[in-house]
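Let me begin by presenting the structure, written as structure tokens, before commenting on it.
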Amino acid sequence: MAKRVMIADDSEFMRNLLREILEDDFEIVGEAENGVEAVDLYEQEEPDIAMMDIVMPIRDGIEATNEITNNYDDAKVIMCTSVGQEEKMKQAIKAGASGYITKPFQKPNVLNEINDVIPA
């Protein structure tokens, strides 16, 4: 059975890119445009993994990750960052992120990171 993935990113372009990378191997259960939607979507779907952009409006990915990992012990969140966001990455790991990928996304890197976090 395919692992279930949700995508949270305020950029439609990035969501589409991630969906294209993931849809062959995973079931995409939904997409969110900000941290509030991401938490709501996570609670509705309880996906195997959440792809979470760090920089989003209303609530950022770090706040959303913190809430999700506090409420779900087995939550797996992979942060999506731009180069140069090392400080935010440290905050995200403290918030409970399981791993991260750097933009621009490349399919092998994305799949490797997911497989590290949730072995098939």
Please work out which one of (1) open to solvent by less than 20 Å² (accessible area, probe 1.4 Å); (2) touching a Lys or Arg at 6+ places or on another chain (Cβ under 8 Å); (3) free of Cβ contacts under 8 Å to residues at least 60 places away in the same chain; (4) farther than 23 Å from Q91 by Cβ is the condition G30 fails and give its number. (2)
Working only within the stretch 2-14, note down all residues that are more than 15 Å from N115 (Cα to Cα) and open to solvent by 20 Å² or more (accessible area, probe 1.4 Å). D10, S11, E12, F13, M14
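Consider Y72 carefully, then state whether it is over 11 Å from the mean Cα position of the chain (by Cα) and among the aromatic types (F, W, Y).
So Y72 passes the test.
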Considering only the stretch 17-26, I want to know if a residue exists there that is open to solvent by 30 Å² or more (accessible area, probe 1.4 Å), in a loop (DSSP other than H, G, I, E, B) and under 18 Å from A92 (Cα atoms). no
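Would you tally the residues in the stretch 34-50 being within 12 Å of V77 (Cα to Cα) and of a type outside the set (A, V, I, L, M, F, W, C)?
Keep residues of the stretch 34-50 that are within 12 Å of V77 (Cα to Cα), which gives 38-39, 42, 46-50.
The next check asks that each one be of a type outside the set (A, V, I, L, M, F, W, C); those that pass are 42, 46-48.
Number satisfying all stated conditions: 4.
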If we keep only residues of the stretch 33-63 that are in a helix (DSSP H, G or I) and touching a helix residue (DSSP H, G or I) at 6+ places or on another chain (Cβ under 7 Å), then the residue farthest from A92 (Cα to Cα) is Y42
Cβ pairs under 7 Å, 6+ apart, first in the stretch 47-60 and in contact (Cβ under 8 Å) with a residue 60 or more places away in the chain, second surrounded by fewer than 22 Cβ atoms within 10 Å (Cβ to Cβ): D48/K3; D48/R4; D48/K76; D48/I118; I49/K3; I49/K76; I49/V117; I49/I118
Counted residues, the stretch 66-111 - those being open to solvent by 50 Å² or more (accessible area, probe 1.4 Å) and either more than 19 Å from E46 (Cα to Cα) or assigned to a helix (DSSP H, G or I) (or both): 20
Residues of the stretch 46-56 that turn out to be open to solvent by 60 Å² or more (accessible area, probe 1.4 Å) and farther than 17 Å from I114 by Cα, as a count: 1
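The values are calculated or read from the model by the stated rules, or taken from the named source; none is laboratory data. Source: prediction; values computed, not measured. Note that we place each Cβ from the backbone using ideal geometry, even for glycine, and neighbour counts take in every protein chain shown. Accessible surface areas use protein heavy atoms only, side chains included; no ligands, DNA or RNA. Shrake-Rupley method; radii C 1.70, N 1.55, O 1.52, S 1.80 Å.
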